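The structure appears right after this line, and notes come after that.
The values are calculated or read from the model by the stated rules, or taken from the named source; none is laboratory data. What you are looking at is a predicted structure, and each value in this text was computed from that prediction instead of being measured. Cβ: placed from backbone, ideal geometry, glycine included. Neighbour counts: every protein chain shown. Ligands, DNA and RNA are stripped out before the accessible areas are found, and what is left, the full protein with its side chains, is counted by its heavy atoms. Shrake-Rupley method; radii C 1.70, N 1.55, O 1.52, S 1.80 Å.
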Amino acid sequence: MSTARSLPLRKIKSPAETDIPMKPIPQFEELAIALIAPNLNPTHFTPEFLSYSGIVPPDWQLAQQPEGNSHMTKITFTNGAIASFHNVTATFSETLESKSLKDVQIPTMVRKYADTLPNANYQAVEINPSIFLTFDAGTNSNAYYITTALLSKGAWQEFGSTPVRSTLQLAYTIGNRQLNLKIDDILLRGANNQPEFGALFSGNFYYPLTGNTLGQRLQQLHRLVDNWSDDLKVFRELVKGRFLGISVN
């Protein structure tokens, strides 16, 4: 019976220290907060409900008609924020770009949503930050981030007719937090149909709600959502500071 062997990881270096220079070019950063509750009803997750209940600011406008069916819904606003429902999970997300933390609106919306539906039997809260970057790979035209910067070179990388594309999943414990990090190699087509290499870093902080009553779990939900900026700080320190060598604001 064979045993699984771990991938050969090399010491993480900043882009300036890697054998092949890969200058990171940030494209967007996003924050999503999800509430998991078996009693949530997707048929009530509509733009009208979000607006009339005061969950969504009154000046927000739809970018397009809502997408979905009886099991899932996606509502996109002109400012890039998204409210979605799928598989007993309500998720609110927005791009961060150059916003200051006080201007991020999603946490307030999540709290209002939970207060509007206090009997939904909430089971968990997820704080999910993500960062997408492209890379200036210098003279290397076939430079996926994971295989270039994180994994040791080997013959396995030369197998097949195209550069190998990777996904890497890592789990970190930081105090009482558990951060699950997923890194995906991305290939885009840029100007003149030239390949443009990128990476998507997706973080997940999963917090089960352990209160004995609906009221206790709702209070715990509020505390966790109120601490969203601490989770974002941990995520940024890991991805920007440790993986990419970018200063963390």
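Residues of the stretch 46-69 that are more than 17 Å from residue 91 (Cα to Cα) and either assigned to a helix (DSSP H, G or I) or open to solvent by 90 Å² or more (accessible area, probe 1.4 Å) (or both): 52, 58, 59, 61, 65. Could you tell me whether any residue of the stretch 209-225 is among the polar types (S, T, N, Q), modelled with pLDDT of 95 or more and closer than 13 Å to residue 33 by Cα? No, the stretch 209-225 has no match at all. Scanning the stretch 56-106 for residues that are of a type in the set (A, V, I, L, M) and within 20 Å of residue 232 (Cα to Cα) yields a count of 8. Any chance the stretch 151-165 includes a residue that's buried (at least 17 other Cβ atoms within 10 Å of the Cβ) and in contact with a helix residue (DSSP H, G or I) (Cβ under 6 Å, 6 or more places away or on another chain)? No - not one qualifying residue is present in the stretch 151-165. Applying the criterion of being closer than 23 Å to residue 28 by Cβ and assigned to a loop (DSSP other than H, G, I, E, B) to the residues of the stretch 166-194, the residue that is most open to solvent (accessible area, probe 1.4 Å) is 194. Taking the stretch 195-248 as the range and being under 24 Å from residue 150 (Cα atoms), open to solvent by 70 Å² or more (accessible area, probe 1.4 Å) and in a loop (DSSP other than H, G, I, E, B) as the test, only 247 passes. Do you know which residues across the stretch 59-83 are aliphatic (A, V, I, L, M) and either more than 13 Å from residue 48 (Cα to Cα) or touching a residue at least 40 places away in the same chain (Cβ under 8 Å) (or both)? Answer for the stretch 59-83, where residues must be aliphatic (A, V, I, L, M) and either more than 13 Å from residue 48 (Cα to Cα) or touching a residue at least 40 places away in the same chain (Cβ under 8 Å) (or both): 63, 72, 81, 82. Residue 114 meets all of the listed conditions (1) open to solvent by 10 Å² or more (accessible area, probe 1.4 Å); (2) at pLDDT 85 or above; (3) in a helix (DSSP H, G or I) but one, namely (1).
Selection over the stretch 87-99 of residues that are at pLDDT 90 or above and either assigned to a helix (DSSP H, G or I) or not hydrophobic (A, V, I, L, M, F, W, C) (or both) gives a count of 5.
Criterion first (closer than 21 Å to residue 239 by Cβ, assigned to a helix (DSSP H, G or I) and open to solvent by less than 40 Å² (accessible area, probe 1.4 Å)) does residue 146 satisfy it? So residue 146 passes the test.
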